[in-house]
Amino acid sequence: MSAWDRLVEKSARALAQRTSRRGLIAGIGRVLMGAALLPLLPIDRSSRAQAAGAQNPQECEYWKYCAIDGFLCSCCGGSSSSCPPGTQPSPITWIGTCHNPEDGRDYIVSYNDCCGKSSCGDCECNRNEHEKPMYRLSRNNDVNWCMANADANYHCSVSVILGVSEP
Ligand code: ABN
């Protein structure tokens, strides 16, 4: 028997003298019990839900909507950046800067109102990141930008990326 074997045998015997079989089974039971109870612990899923919303253009949490105030055209027959059929985009808009968590960059976003039909009424979204008071009109979102259109009826709002914001 090699010196290594003798050392291992001695350690194993010493360990066996110090511990009981019952103690070993109790220890294994404690580990298994802990593993079984782990899924019952409360988990904060709100950040994951929020992250999913940040990628869905029909959710107010969608990253491009950070400074929007209106009904989302993506819920009204259009898309996040195009007006629904039968409506016209407002030529004047308000501007925001939104952070895209996907690529970590900031984008300059134009929020155009879509005009020519009565209010869509679906997916109201009022987020006001970096919004400025009325004296900075182009940075304020609480304005009916359809006012310059032939038909000034407000229907919904789109968000169009104008460019990336360089640091
Ligand atoms: N720019 C969206 C909007 C339209 C009408 C009234 C308030 C805000």
*Conditions (1) open to solvent by 100 Å² or more (accessible area, probe 1.4 Å); (2) touching a helix residue (DSSP H, G or I) at 6+ places or on another chain (Cβ under 9 Å); (3) at pLDDT 75 or above; number of the one not met by Glu61*: (1)
_Subset of the stretch 126-147 (residues that are within 12 Å of the ligand (Cβ to nearest atom) and among the acidic types (Asp, Glu))_ = Glu131, Asp142
*Would you pick out the residues in the stretch 118-138 that are free of Cβ contacts under 8 Å to residues at least 24 places away in the same chain and under 27 Å from the mean Cα position of the chain (by Cα)?*
Lys132, Pro133
*Which residue pairs have Cβ atoms closer than 9 Å, lie 6 or more positions apart in sequence or on different chains, and pair a first residue in the stretch 139-154 that is more than 16 Å from Asp69 (Cα to Cα) and open to solvent by less than 60 Å² (accessible area, probe 1.4 Å) with a second residue that is in a loop (DSSP other than H, G, I, E, B) and near the ligand (Cβ under 6 Å from one of its atoms)?*
Ala152/Asn144
*Residue under evaluation Gly70, criteria (1) modelled with pLDDT of 95 or more; (2) in a loop (DSSP other than H, G, I, E, B), criterion not met*: (2)
*If you go through the stretch 96-122, how many residues are within 15 Å of Ala67 (Cα to Cα) and either in a loop (DSSP other than H, G, I, E, B) or open to solvent by less than 50 Å² (accessible area, probe 1.4 Å) (or both)?*
10
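The values are calculated or read from the model by the stated rules, or taken from the named source; none is laboratory data. Remember, predicted model here, so these are calculated numbers, not experimental data. Ideal geometry is used to build each Cβ from the backbone, glycine not excepted, and the neighbour counts take in all protein chains shown. Areas reflect the complete protein model, heavy atoms only, side chains present, ligands, DNA and RNA absent. Shrake-Rupley method; radii C 1.70, N 1.55, O 1.52, S 1.80 Å.
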